[in-house]
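**Student:** Structure provided below as structure tokens; questions to follow.
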Amino acid sequence: MSDEDAGGVAQAQVPADPDRYMVVADNVHKSYGRSQVLRGIDLAVAPGEVTCVLGPSGGGKSTFLRCINHLEKIDAGRIWVGGELVGYRQVGDRLHEMREKEVAAQRSRIGMVFQRFNLFPHLTAEQNLIEAPCRVRRIRRADARTRAGELLTRVGLGDRGGAYPAELSGGQQQRVAIARALAMDPELMLFDEPTSALDPELVGEVLQVMRDLAASGMTMVVVTHEIGFAREVADTVVFLDGGVVVESGPPSQVLENPQQERTKLFLSKVL
Amino acid sequence: MSSDVTGSGRGRPEPIRAVPVRHPGRWVAVVVLAVLAAMFVHMVVTNKAFQWPMLFDNILSVPVVRGAVTSIELTILAMIIGIALGVVLAVMRLSPNPILAAAAWMYIWFFRGVPRLVLCVLFGNLGILYSRLEFGLPFDHQLGALFGIDLNARLFGVNAVTLLSGFTAGLLALAMSEGAYMAEVVRGGIQSVDPGQAEAAQALGMRRPLLLRRIVLPQALRVIVPPTGNETIAMLKDTSLVAYVPVTNELFFQLQHIGARTYAIFPMLVAACIWYLAMTSVLMIGQHFLEKRFSRGHGPRAIRLRGARSAGAGGAVGTEVDT
Ligand SMILES: Nc1ncnc2c1ncn2[C@@H]1O[C@H](COP(=O)(O)OP(=O)(O)OP(=O)(O)O)[C@@H](O)[C@H]1O
Ligand SMILES: [Mg+2]
């Protein structure tokens, strides 16, 4: 609570209580050189909620997602995941950078799924799933394999554990990638346009896996252009453009009855 | 195949029987080269300076064969040390720690800039610099004198002459120089791996040493291994340089020594050519298969990774994957 009071003094808006939400972003700023990519993002995701992030290309969606697991360092503001400040430790009123070990420990609790899958091509599907649990979590190999089998079955690929990524279709690869992230038992899953690199006929199978995951109570932040998915699955839709949250709320509000001109314009183009 | 597809009902047309283009230039070249080859053979056979009997007497003599074995030993050891050094240096060079990166840069700068021959002679003469090699705090005697005490912080020492015997000095010169070249090869390999791979590993909570060892380096091998084969062939040839350390039981030294002793300098040089050609030929055959092996399976997998969209549907494209 005390860190929050310290933060509250400087800002007009009091951020959401990080202990009650899975993700809290408070006034997040990020620039690359002189170009400001994120210019004050606020966001709160409750446990078990699905938040879909929409917005035009270059709006900073990927950058924001990568800040949540500290793949990118933020310049100003705060991000909490599971009540823990991401990437920094607060000591008194100063922030200390975390060591790589601590950052890695935080990341291991956050699953991430990439647009281009990023499966490890030299490992089979099963090996992709057990690598991190065995070597980061130090789970016994036999247990990790059992779990990998369960997860592959869950994404509909129970019989493809021995296949290399190159032997799988794009949709299958992305489902393995989702299973790989789940193998670390994350409390939060981040998706960066998980279906954008897929042939249209393969999009459905990946969205179905994500739907099931949402139904099982996983907290998810999903950057997507699939408006239908957002409408059906999201608890909250966030429209992000020019590095700020232009509009956010339940899909019925943001998608059906947007208040902002920029949101209306974007939706008219993608729908 | 296409006739099945079109199925237009028309029969397959008669195959083309055209008159091939004539290549008179090729015949001219053949004649010129044949004449030159005949002249060469004539000289080799008639010129007494070749002293063929001398060559045949010595080329498989015991010291020469031992010399060849020494050269092979040197090649293997120098490459093992060089590769290990190269991996360490490449990782340092790409490290976020600027001190490590700068240190690796300096090392590579020095050992790529100084010719191997000079390095060999230099290492052979290090004994002039140090009678003993000692490990301990630097400037201990000077500091001790400053405070008026007899400070001796040498932890242990070895006689430089014993450590830097010809073989060790030559090996170190070759290995340390190779380390610099291998560092560049390994660095290129690491940088050839899609950054998304390291990112995915990081997102899973892997730390840098682990993700390098388990994710990035195995994929970099495809790019690293073929040039390493070339480096090995070059190393085998460069072992002849340690004749100037001098390493007295090495192939080239032995052949020159025999040549000088028997006044049959030229035959022994020809023998050296034959030996090195024979050994590098074996390595080149190995290199050929290495390159074949490491280019295989790369295509479809790489395409799939980069353009997942285009290669999405066909599950059978990348079936020839090595295990
Ligand atoms: N590493 C980087 N260095 C410099 N600029 C970057 C970098 N990464 C992103 N940017 C810039 O930041 C801006 C936001 O990029 P980002 O990838 O977050 O957008 P996005 O909303 O995900 O877009 P898209 O829908 O195309 O994925 C873009 O203008 C981009 O050029
Ligand atoms: Mg993006």
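The values are calculated or read from the model by the stated rules, or taken from the named source; none is laboratory data. Worth saying up front: this structure is predicted, and the values here are computed from it rather than measured. For neighbour counting, all protein chains shown are included, and Cβ atoms are generated from backbone atoms with ideal geometry for every residue, glycine included. For accessibility, only protein heavy atoms count, side chains too; no ligands or nucleic acids. Shrake-Rupley method; radii C 1.70, N 1.55, O 1.52, S 1.80 Å.
**Student:** I'd like the residue in segment A:124-143 that is buried (at least 18 other Cβ atoms within 10 Å of the Cβ) and assigned to a loop (DSSP other than H, G, I, E, B) and, out of all such residues, is nearest to the other protein chains (Cβ to nearest Cβ).
**Tutor:** A:V136
**Student:** Which one of these is touching a residue at least 24 places away in the same chain (Cβ under 8 Å) and open to solvent by 50 Å² or more (accessible area, probe 1.4 Å): B:L217, B:L241, B:L172?
**Tutor:** Result: B:L172 is the single residue among B:L217, B:L241, B:L172 that is touching a residue at least 24 places away in the same chain (Cβ under 8 Å) and open to solvent by 50 Å² or more (accessible area, probe 1.4 Å).
**Student:** Moving on to the next point. Can you tell me which residue within segment A:85-105, out of those that are within 14 Å of chain B (Cβ to nearest Cβ) and not aliphatic (A, V, I, L, M), is most open to solvent (accessible area, probe 1.4 Å)?
**Tutor:** A:R99
**Student:** Of these, A:G171, A:G161, A:G156, which one is away from ligand 1 (no atom under 16 Å from the Cβ), small (G, A, S) and over 23 Å from the mean Cα position of the chain (by Cα)?
**Tutor:** Of A:G171, A:G161, A:G156, the one residue that is away from ligand 1 (no atom under 16 Å from the Cβ), small (G, A, S) and over 23 Å from the mean Cα position of the chain (by Cα) is A:G161.
**Student:** Right, another one. Please count how many residues of segment B:220-238 are in contact (Cβ under 8 Å) with a residue 60 or more places away in the chain and more than 14 Å from chain A (Cβ to nearest Cβ).
**Tutor:** Of the residues in that region, 8 qualify.
**Student:** Do we have A:V209 as more than 14 Å from chain B (Cβ to nearest Cβ), at negative phi, within 15 Å of ligand 1 (Cβ to nearest atom) and modelled with pLDDT of 95 or more here?
**Tutor:** no
**Student:** Go through segment A:20-71 and count every residue that is more than 16 Å from ligand 2 (Cβ to nearest atom) and surrounded by fewer than 21 Cβ atoms within 10 Å (Cβ to Cβ).
**Tutor:** 15
**Student:** On to the next question. Name the residues in segment B:36-53 that are open to solvent by less than 80 Å² (accessible area, probe 1.4 Å) and at pLDDT 90 or above, would you?
**Tutor:** Selection gives B:A37, B:A38.
**Student:** Residues of segment A:217-243 being within 16 Å of ligand 2 (Cβ to nearest atom) and surrounded by fewer than 19 Cβ atoms within 10 Å (Cβ to Cβ), which ones?
**Tutor:** A:H225, A:G242
**Student:** Which one of these does A:L202 not meet: (1) buried (at least 20 other Cβ atoms within 10 Å of the Cβ); (2) out of contact with any Leu (no Cβ under 9 Å at 6 or more places or on another chain); (3) more than 14 Å from every other protein chain (Cβ to nearest Cβ)?
**Tutor:** (3)
**Student:** Something else about it: Mind listing just one residue for me: the one in segment A:183-211 that is under 27 Å from A:A105 (Cα atoms) and acidic (D, E) and, of those, farthest from ligand 2 (Cβ to nearest atom)?
**Tutor:** Ranking the candidates gives A:D185 first.
**Student:** Now, a different point. Conditions first: (1) within 13 Å of ligand 1 (Cβ to nearest atom); (2) out of contact with any Leu (no Cβ under 6 Å at 6 or more places or on another chain); (3) aliphatic (A, V, I, L, M). A:V223 passes all but one, so which condition is the exception?
**Tutor:** (2)
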